[in-house]
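Student: To start, I am sharing the structure in question, which I have written as structure tokens.
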Amino acid sequence: MREVVAKRVTDTVKKLCIEANTNLSDDVVEALNKALAKEESPNGREILRQLINNAKIAWRDKLAICQDCGLAFVFIELGQEVQLIGGDLTEAVNEGVSRGYNEGYLRKSVTADPLKRVNTNDNTPAVINLKLVPGEEIKIGVLTKGGGAENCSAVKMFKPTSSQQEISDFIVETAVQAGPNACPPMIVGIGIGGSFDQAPALAKKALLRRVGTHHSSSDIAKWEKELLERINASGIGPMGLGGSTTVLAVNIVKGPCHISSLPVAVNIECHAHRYKEAVI
């Protein structure tokens, strides 16, 4: 049994919150540069150049990539041979988020009550996804996701007899309706299966895959590429100003479901895809 002090979780979450918001991941930067090389629209090229330059300035000056510093989604894989000492896991995570957003001068966007709309002033509580795994390590991933793209997401309960074409049409329609509101070029996470509540969790998980990689199944990888082409053919383009780069990636994750169900969730992510992870 390995002991880990709760403060290490707090310090790690704090660091990841700041890094995610100020240092755009290399896979996203690479995807933006590839898009710039292929984009034919003058407006699209200019927007892509600005997005790439914005990421450079944010990294250089340790400033937020976007004014919406997002809701903190914290993904934890907790080794079963780890004993956390000196504090509670949830409290340690939220303390890390609080310190990260305050010390990193990041905008706080969480309201304590969805109707009264009173800001918690430290971006807590985080949304914590906990999974027990074998081993003596703790893997922590932090996704800071803005509200604009999240608001464009959708879930639909299909009939088990529904075709792949019907599902594709729903996915494409959701992405196209998001349009400029989701600050394209977007990343589209798709969860298929599970239940009404699990499908969106699968879709969120799909966003964590590195941009430019595809599903291990050749059939699903082919489907992802087809959806990417269909959405990009919409002509929405970077920031909705026209062009062939509306999405950078379409990622699908599937899960088992009830024989009478076929839930499908589409989680839209903006170009400022901010995810960092570390292992304790």
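The values are calculated or read from the model by the stated rules, or taken from the named source; none is laboratory data. Keep in mind that this is a model prediction, so the values were computed, not measured. Reconstructed Cβ throughout: ideal geometry from the backbone, glycine too, with neighbour counts over all protein chains shown.
Student: Out of region 251-280, which residues are of a type in the set (A, V, I, L, M, F, W, C), in contact with a Ser or Thr (Cβ under 8 Å, 6 or more places away or on another chain), surrounded by 24 or more Cβ atoms within 10 Å (Cβ to Cβ) and under 25 Å from Asn21 (Cα atoms)?
Tutor: Result: Val266, Ile268.
Student: While we're on this one: Please enumerate the residues belonging to region 1-11 that are of a type outside the set (Asp, Glu) and surrounded by fewer than 21 Cβ atoms within 10 Å (Cβ to Cβ).
Tutor: If the condition is that a residue be of a type outside the set (Asp, Glu) and surrounded by fewer than 21 Cβ atoms within 10 Å (Cβ to Cβ), then Met1, Arg2, Val4, Val5, Ala6, Lys7, Arg8 are the ones that fit.
Student: Still on this structure, please answer the following. If I filter region 29-46 for residues that are under 21 Å from Ile128 (Cα atoms), free of Cβ contacts under 8 Å to residues at least 60 places away in the same chain, surrounded by 15 or more Cβ atoms within 10 Å (Cβ to Cβ) and touching a helix residue (DSSP H, G or I) at 6+ places or on another chain (Cβ under 9 Å), do I get at least one hit?
Tutor: Quick first cut of region 29-46, residues under 21 Å from Ile128 (Cα atoms) only: none.
Checking region 29-46: not a single residue is under 21 Å from Ile128 (Cα atoms), free of Cβ contacts under 8 Å to residues at least 60 places away in the same chain, surrounded by 15 or more Cβ atoms within 10 Å (Cβ to Cβ) and touching a helix residue (DSSP H, G or I) at 6+ places or on another chain (Cβ under 9 Å).
Student: Looking at Gly96 and the list (1) under 17 Å from the mean Cα position of the chain (by Cα); (2) part of a helix (DSSP H, G or I); (3) buried (at least 22 other Cβ atoms within 10 Å of the Cβ), which single condition is not satisfied?
Tutor: Failed condition: (1).
Residues are listed down the side, and each one gets a yes or a no for (1) touching an Asp or Glu at 6+ places or on another chain (Cβ under 6 Å); (2) without any contact (Cβ under 8 Å) to a residue 40 or more places away in the chain:
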position	(1), (2)
Thr111	no, yes
Arg117	no, yes
Pro125	no, yes
Ile128	no, no
Val133	yes, no
Ile140	no, no
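Student: What are the pairs, 6+ residues apart or on separate chains, where a residue within region 60-87 that is buried (at least 18 other Cβ atoms within 10 Å of the Cβ) has its Cβ under 9 Å from a residue that is in a loop (DSSP other than H, G, I, E, B) and of a type in the set (Phe, Trp, Tyr)?
Tutor: So the pair list comes out as Ala64/Tyr105.
Student: Of the residues that make up region 60-83, is at least one under 18 Å from Val5 (Cβ atoms) and in contact with a Ser or Thr (Cβ under 6 Å, 6 or more places away or on another chain)?
Tutor: Checked against the condition, which is being under 18 Å from Val5 (Cβ atoms) and in contact with a Ser or Thr (Cβ under 6 Å, 6 or more places away or on another chain), region 60-83 yields no hits at all.
Student: Now, a different point. So how many residues does region 216-241 have that are more than 15 Å from Ser168 (Cβ to Cβ) and surrounded by 17 or more Cβ atoms within 10 Å (Cβ to Cβ)? Give the steps one after another, and end with the answer.
Tutor: Going residue by residue through region 216-241, those that are more than 15 Å from Ser168 (Cβ to Cβ) are 216-218, 235-241.
Then keep just the ones that are surrounded by 17 or more Cβ atoms within 10 Å (Cβ to Cβ); that gives 236-240.
Selection size over region 216-241: 5.
Student: May I pose another question? Taking region 194-237, which residues are within 15 Å of the chain's Cα centre (by Cα), small (Gly, Ala, Ser) and on the phi < 0 side of the Ramachandran plot?
Tutor: Ala199, Ala201, Ala203, Ala206
Student: Residues in region 111-131 that are within 27 Å of Leu78 (Cα to Cα) and in a loop (DSSP other than H, G, I, E, B): how many?
Tutor: 5
Student: When you scan region 134-253 for helices (runs of 4 or more DSSP H) that lie fully inside it, which ones turn up with 2 or more residues that are out of contact with any strand residue (DSSP E or B) (no Cβ under 9 Å at 6 or more places or on another chain)?
Tutor: Filter on region 134-253 gives 164-178, 218-232.
Table: residues versus (1) closer than 26 Å to Thr90 by Cα; (2) touching a helix residue (DSSP H, G or I) at 6+ places or on another chain (Cβ under 7 Å).
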site	(1), (2)
Gly146	yes, no
Cys152	no, yes
Glu166	no, no
Val172	no, yes
Pro180	no, yes
Pro200	yes, no
Lys205	yes, no
Leu227	no, yes
Asn232	no, no
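Student: Across region 229-268, what is the total count of residues that are farther than 15 Å from Gln164 by Cα and either of a type in the set (A, V, I, L, M, F, W, C) or outside the structural domain of Thr174 (by TED's automatic domain parsing) (or both)?
Tutor: Residues in region 229-268 being farther than 15 Å from Gln164 by Cα and either of a type in the set (A, V, I, L, M, F, W, C) or outside the structural domain of Thr174 (by TED's automatic domain parsing) (or both): 12 in total.
Student: Residues to consider are Asp122, Asp26; find the one that is farther than 30 Å from Ala233 by Cβ and either more than 23 Å from the chain's Cα centre (by Cα) or of a type outside the set (S, T, N, Q) (or both). Steps first, answer last, please.
Tutor: Details: Asp26 fails: farther than 30 Å from Ala233 by Cβ.
Criteria check complete, one pass: Asp122.
Student: So, one more: Cβ contacts < 8 Å: first residue within 20 Å of Val247 (Cα to Cα), restricted to region 160-176; second residue basic (Lys, Arg), any location; separation 6+ or different chain. Result?
Tutor: Ser168/Arg230; Phe170/Lys156; Val172/Arg230
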